[in-house]
Amino acid sequence: ADYLRRRYEAFKAEPVFEQIQFTEDRAELAEWAPLVMAGRDPQQRVAASRVTGGTDVDFGALSRKLAGYLSGNGAEINYGHRVTDVVRGTDGRWELKITENTTGQKKTVRARFVFVGAGGGGLHLLQRSGIPEAKGFGGFPVSGQFLRCTDESVIAQHAAKVYGQAAVGA
């Protein structure tokens with residue numbers, strides 16, 4: 001609860017979080033996330049913060065907009081390919097080793113500019129590039145357990161994403 005309060009205080013001044021709310025009020029929490037509050041020990045301290053509109057980012061939409069902008073401004077977009085290596089050539093251009101996903105055909109492409117985005121093999125390619133900005137980066141798999149409920153009476157009771165803080169050492 002103390003951590004969430006400090007987080008709320010730090011975030012509320014930021015434009016993307018101007019709608020953030022914080023509470024330790026059990027009745028309010030039961031309105032926000034009824035299934036989370038059901039059956040809880042009344043002596044247990046509870047708290048939550050929320051942004052009703054959400055702060056999620058639709059990376060698919062952003063990627064489509066970026067690809068649309070690039071293709072509309074002279075860039076060639078190739079889908080269904082995997083970049084396996086990126087190396088700067090002696091002339092300063094980038095050499096990319098590429099494999100076509102369905103046929104396995106390999107080719108090398110040379111480019112003046114390369115954008116390495118997040119996801120997939122992004123970190124590996126960034127490290128292979130040899131640029132100084134890649135030093136000190138690391139990655140870790142992000143995973144979670146997603147539970148699926150098919151009981152409509154339970155589904156109707158809850159319309160919130162709920163994230164918890166992991167225990168120390170987890």
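In this structure, does Gly122 turn out to be small (Gly, Ala, Ser) and in contact with a Gly (Cβ under 9 Å, 6 or more places away or on another chain)?
yes
Can you tell me which residue among Tyr3, Tyr8, Tyr69 is on the phi < 0 side of the Ramachandran plot, of a type in the set (Ser, Thr, Tyr) and in contact (Cβ under 8 Å) with a residue 60 or more places away in the chain?
Just a single option satisfies the conditions, and that option is Tyr3.
Take Leu62 and decide whether it is open to solvent by 90 Å² or more (accessible area, probe 1.4 Å), closer than 30 Å to Gly130 by Cβ and aliphatic (A, V, I, L, M).
Against the criterion (open to solvent by 90 Å² or more (accessible area, probe 1.4 Å), closer than 30 Å to Gly130 by Cβ and aliphatic (A, V, I, L, M)), Leu62 qualifies.
If you take the residues in region 67-119 that are part of a helix (DSSP H, G or I) and within 26 Å of Glu133 (Cα to Cα), which one is least open to solvent (accessible area, probe 1.4 Å)?
Ala67
Is one or more of the residues making up region 132-145 modelled with pLDDT of 75 or more and open to solvent by 50 Å² or more (accessible area, probe 1.4 Å)?
So far as region 132-145 goes, yes, one or more of its residues are modelled with pLDDT of 75 or more and open to solvent by 50 Å² or more (accessible area, probe 1.4 Å).
The values are calculated or read from the model by the stated rules, or taken from the named source; none is laboratory data. What you see is a predicted model, and the numbers here were worked out from it, not measured in a lab. Cβ: placed from backbone, ideal geometry, glycine included. Neighbour counts: every protein chain shown. What goes into the accessible areas is simple: the full protein's heavy atoms, side chains included, and nothing from ligands, DNA or RNA. Shrake-Rupley method; radii C 1.70, N 1.55, O 1.52, S 1.80 Å.
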